[in-house]
């Protein structure tokens with residue numbers, strides 16, 4: 001291999017590399033590319049906390065499964081290790097919950113948009129989550145005060161609904177959920 005070819009070789013990171021990183025920062029591996037996850041804004045954290053509290057009340061109190069929040073490693077493959085803002089694993093699939101991480105696709109993944117992560121959340125992560133069989137992917141926009149619910153299909157994710165601040169969110173995965181988004185965005 002020539003020196004020129006060596007300089008342009010694509011380095012792919014995997015879970016073993018990820019485990020060697022310092023623990024004082026948050027990282028993700030997306031299709032073999034490693035990146036630092038910036039700290040979320042205060043608005044982002046408020047929306048995340050309110051969503052998590054509502055989901056915990058509904059999901060865990062109903063015995064449907066467990067809700068986790070970032071930082072929580074989701075290991076989809078050796079070259080795809082993500083830290084979604086929130087995630088849900090149905091109790092029937094509790095076997096993917098390990099001591100250190102989630103080993104496989106959660107049933108529901110929620111990403112809350114930030115200026116630094118918006119494009120990745122809308123495009124790359126959408127493809128990765130869909131490719132690994134996440135059943136629902138919620139994209140929460142704190143600035144626009146909307147939630148887009150994407151449902152997995154054979155063709156990839158399709159938009160099941162886009163909900164405004166005044167709406168009550170609905171989910172095929174959580175049919176009895178009654179979550180009015182004013183509780184999340186106010």
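In table form, for the structure just shown:
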item: Check on residue 57, out of contact with any strand residue (DSSP E or B) (no Cβ under 9 Å at 6 or more places or on another chain), closer than 27 Å to residue 182 by Cα and without any contact (Cβ under 8 Å) to a residue 12 or more places away in the chain; result: yes
item: Evaluation of residue 114 against (1) more than 22 Å from residue 30 (Cβ to Cβ); (2) surrounded by 15 or more Cβ atoms within 10 Å (Cβ to Cβ); (3) out of contact with any strand residue (DSSP E or B) (no Cβ under 9 Å at 6 or more places or on another chain) (one fails), failing number; result: (1)
item: Filter result for residue 124 (surrounded by fewer than 21 Cβ atoms within 10 Å (Cβ to Cβ), touching a strand residue (DSSP E or B) at 6+ places or on another chain (Cβ under 8 Å), in contact (Cβ under 8 Å) with a residue 60 or more places away in the chain and assigned to a loop (DSSP other than H, G, I, E, B)); result: no
item: Only listed residue being within 19 Å of residue 26 (Cβ to Cβ) and modelled with pLDDT of 95 or more, chosen from 109, 147; result: 109
item: Tally, over region 159-186, of residues that are surrounded by fewer than 12 Cβ atoms within 10 Å (Cβ to Cβ) and part of a strand (DSSP E or B); result: 1
item: Some residue of region 99-112 being out of contact with any helix residue (DSSP H, G or I) (no Cβ under 8 Å at 6 or more places or on another chain), over 22 Å from residue 163 (Cα atoms) and not in a loop (DSSP other than H, G, I, E, B); result: no
item: Region 1-37, subset in a loop (DSSP other than H, G, I, E, B) and surrounded by 13 or more Cβ atoms within 10 Å (Cβ to Cβ), residue modelled with the lowest pLDDT; result: 21
item: Single unsatisfied condition, residue 57 versus (1) surrounded by fewer than 20 Cβ atoms within 10 Å (Cβ to Cβ); (2) within 22 Å of residue 34 (Cβ to Cβ); result: (2)
item: Given (1) part of a loop (DSSP other than H, G, I, E, B); (2) free of Cβ contacts under 8 Å to residues at least 12 places away in the same chain, number of the condition residue 134 does not satisfy; result: (2)
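The values are calculated or read from the model by the stated rules, or taken from the named source; none is laboratory data. Just so it is clear, the model here is predicted, and its values are computed rather than measured. No Cβ is skipped: glycine too gets one built from the backbone with ideal geometry, and neighbour counts run over all protein chains shown.
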